[in-house]
Amino acid sequence: MKSKSLREDLTELIETIVVYKFRTLTREEIRKMLNIADTTLRDTQYFKEVREEAKQERDREIATKLLAEGTSIELIKKVTGLSESDLKALQPEKKS
């Protein structure tokens, strides 16, 4: 059991190094180069973190647009899951 965990950790480390080293390659090209299944890449911590960062960025983009349209902070919090302080930071500055 422990050796499997070590193997997974090493595989993840190698995949992360490859992703950083070959930034211009697509996920498919990296997958083919390493001869690994797409599901293996998706299970890596790196892939999960990138997916979460992309989701958070998208939530901020949506929240910014909704704030500009005058949507209430409470509704935006409910829809995006962003905190009230995050939303207040995204609000456009009011001109005096």
Subject >> Condition met for Lys88 (touching a Lys or Arg at 6+ places or on another chain (Cβ under 9 Å), exposed (fewer than 12 other Cβ atoms within 10 Å of the Cβ) and in a helix (DSSP H, G or I)) >> reply: no
Original post:
Do any residues in the stretch 48-59 that are closer than 16 Å to Leu90 by Cβ have Cβ atoms under 6 Å from those of residues that are in a helix (DSSP H, G or I) and modelled with pLDDT of 90 or more, where the two are at least six apart or on different chains, and which pairs are they?
Top reply: Asp59/Thr80
Subject >> Cβ pairs under 7 Å, 6+ apart, first in the stretch 69-96 and among the basic types (Lys, Arg), second at pLDDT 90 or above and surrounded by 12 or more Cβ atoms within 10 Å (Cβ to Cβ) >> reply: Lys77/Leu87
**OP:** Could you identify the single residue in Thr64, Thr16 that is assigned by TED's automatic domain parsing to the domain that holds Ser5, of a type in the set (S, T, N, Q) and assigned to a helix (DSSP H, G or I)?
**Re:** Thr16
Original post:
Which condition number does Gln56 fail, the rest of (1) over 30 Å from Val19 (Cα atoms); (2) of a type in the set (S, T, N, Q); (3) not in a loop (DSSP other than H, G, I, E, B) being met?
Top reply: (1)
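The values are calculated or read from the model by the stated rules, or taken from the named source; none is laboratory data. Since the model is a prediction, treat every value here as computed from it, not as a measurement. So basically every Cβ, Gly included, is an ideal-geometry build from the backbone, and we count neighbours across all protein chains shown.
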